[in-house]
Amino acid sequence: MVKPKKPNLSLKLGNLDLKNPVMVASGTFGYAEEFKDLIDLKKLGAIVTKTITLRARQGNLPPRTCETPAGMLNSIGLENPGINKFIQEKLPFLKKLGIPVIISIAAEETPDEFATLVRKLDQFPEVSAIELNISCPNLQKDKLISQDAKATLELVSAVRKLTEKCIIIKLSPNVTSITEIALAAQSAGADAVALINTLGGMSIDVNKRIPKLGAWVGGLSGPAIRPIAVKMVWEVYNKIKIPIIGMGGIMDTKSALEFFIAGATAVSVGTANFINPQVSLEIIAGLQKYMLDNNMQNLSQLTGRLKACKD
Ligand SMILES: Cc1cc2nc3c(=O)[nH]c(=O)nc-3n(C[C@H](O)[C@H](O)[C@H](O)COP(=O)(O)O)c2cc1C
């Protein structure tokens, strides 16, 4: 009997090659070093760092997380050491890993901070890609860049001129039309979009009659948001040509598969890392098995292959 060929899990995001399509989502995996004794980091498709800003940030008041019926609320508020300390203290470990490293960045005050951050990161060959977090719900802003197609277009166009590195735009679900924002990112030259960031949420301690989070409101993640995320991936897939990195409540292989079938080229695992740090590796193995069982040789036979009706 001929042994079936092992499926090829590799993919491209712009000029970036990934050996497999499973990465860890920003803010749920620190700067990877924190997980070095819990998982074989080299097996991941890529690592996306906690979002970095120009200056160090202490983040929001505690409590910064709380449990909800099917996920968690967080209001971390982009705590990070700032770009210079990140480069000195965190990047050397990431460089040694030998897997693609995607650096997530955000502006605190003005969009030009993105340009300064990109100029700094562009000098480092170990930075494989840059993810623009234009969708953090925990900065107490009236409006996010990712809630405005024109602002998204202007920002991505400006950043595109500064680097040849793969640029990924992280989108917010807290919008009327996520496809409009994804189209703006694409036309400005983004290499990929990542969706979704967390959904705005609030939880109240009824005995004390106080908000459960120190910042009062936060971002909801985990299984509760999965159907919303899958729908958004499917909607965006039907409108854009650049790859989609899908995320939102991926807990296992089955939930990751929903994203691929809806149109994702790659997936990111977030909240599930707090429950099971090995989960991404289990998903890589599960994906390989699913593709083998379904006679799929490569990811293009899986991405966006949603059927119109039962057959
Ligand atoms: C504790 C926590 C911190 C997060 N921090 C960031 C962040 O710094 N930057 C970012 O782009 N997304 C951040 N996110 C959002 C995740 O990257 C992801 O988009 C979201 O949680 C949905 O995926 P999930 O349901 O698998 O967690 C954070 C999420 C959580 C739960």
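The values are calculated or read from the model by the stated rules, or taken from the named source; none is laboratory data. Since the structure is predicted, the reported quantities are computational estimates derived from the model, not experimental observations. Here the Cβ is made from the backbone with ideal geometry for all residues, glycine too, and neighbour counts use every protein chain on show. To get the accessible areas, we keep the full protein, side chains included, count just its heavy atoms, and leave off ligands, DNA and RNA. Shrake-Rupley method; radii C 1.70, N 1.55, O 1.52, S 1.80 Å.
Summed over the residues of the chain and divided among them, the accessible surface reaches 47 Å² per residue at a probe radius of 1.4 Å.
At a 1.4 Å probe, what is the % contribution of carbon and sulfur to the accessible area of the chain? Result for the chain: 54 percent of the exposed heavy-atom area is carbon or sulfur. List the chymotrypsin sites (Phe, Trp or Tyr not before Pro) within region 204-279 that DSSP assigns to loop and that have no more than 16 neighbouring Cβ atoms inside 10 Å. Answer in residue order: Trp216. Scan the chain and report its longest stretch carrying no GluC sites (Glu not before Pro) that are both in a DSSP loop and have at most 13 other Cβ atoms within 10 Å. Value returned for the longest uninterrupted segment is 165-311. For region 251-258, putting each phi into the Karplus relation 6.51 cos²θ - 1.76 cosθ + 1.60 with θ = phi - 60° gives couplings of 10, 6, 4, 4, 5, 5, 4, 3 Hz, in residue order, rounded to whole numbers and with x for Gly and Pro.
For Cα pairs less than 8 Å apart in space and 6+ apart in sequence, what is the mean separation divided by the residue count of the chain, i.e. the relative contact order in percent? Don't jump to the answer; show the numbers that get you there.
Numbers: 681 pairs, mean separation 62.7, N = 311.
Taking the mean separation of contacting Cα pairs over the length of the chain, I get 20 percent.
Taking amide H as placed 1.01 Å from N in the peptide plane, Gly77 has its amide H under 5 Å from the amide H of Asn60, each at least 5 places away in sequence or on another chain.
Working note: Karplus 6.51/-1.76/1.60 with θ = phi - 60° gives region 103-111 the couplings 9, 8, 10, 8, 9, 8, 10, 10, x Hz, where Gly and Pro are set to x.
Stokes-Einstein diffusion of the chain at 25 °C, 0.890 mPa s viscosity, Kirkwood radius from Cα pairs, rounded to a whole number: 126 µm²/s. Does region 228-305 come out rounded, prolate or oblate by the C-alpha gyration tensor, with a ≥ b ≥ c the root eigenvalues, rounded set by a/c under 1.5 and, if not, prolate when a/b is larger than b/c and oblate if not? Note, shape of region 228-305 comes out oblate. GNM on the chain, alpha-carbon springs under 10 angstrom: the most fluctuating residue among Ala285, Ala224, Ala32 is Ala285.
Rounded to the nearest 500, the helix-only mean residue ellipticity at 222 nm of the chain stands at -7500 deg cm²/dmol, with each DSSP H run of n ≥ 4 adding -39,500 (n - 2.57). Residue by residue, region 183-199 carries 3J(HN,Hα) couplings of 5, 5, 4, 5, 6, 8, x, 5, 8, 7, 10, 10, 8, 10, 6, 6, 8 Hz when phi is fed to the Karplus relation 6.51 cos²θ - 1.76 cosθ + 1.60 (θ = phi - 60°); x denotes Gly or Pro. Mean-square fluctuations from a GNM of the chain, with a 10 angstrom spring cutoff on Cα atoms, peak among Leu38, Leu257, Leu171 at Leu38.
Computed about its Cα centre, the charge dipole of the chain is approximately 520 debye, with only Lys, Arg, Asp and Glu carrying charge at their Cβ. Taking the empirical scaling 2.2 N^0.38 Å for compact globular proteins as reference, region 89-186 has a Cα radius of gyration ratio of 1.10. For region 164-226, the relative contact order works out to 30 percent when only alpha carbon pairs closer than 8 Å and six or more residues apart are counted.
Taking amide H positions as modeled 1.01 Å from N, with prolines and chain starts lacking one, the residues under 5 Å from Glu108 and 5 or more places away or on another chain are Leu54. Principal axis analysis of the Cα atoms in region 24-83 yields extents of 35, 34, 18 Å, listed in decreasing size. Taking the chain as a Gaussian network of alpha-carbon nodes connected by springs under 10 Å, the highest mean-square fluctuation of the residues Asn20, Asn207, Asn60 belongs to Asn207.
Between the residues Ile245, Asn294, Ala115, the greatest Cα displacement towards the positive end of the dipole of the chain, with unit charges on the Cβ of Lys, Arg, Asp and Glu, is found for Asn294.
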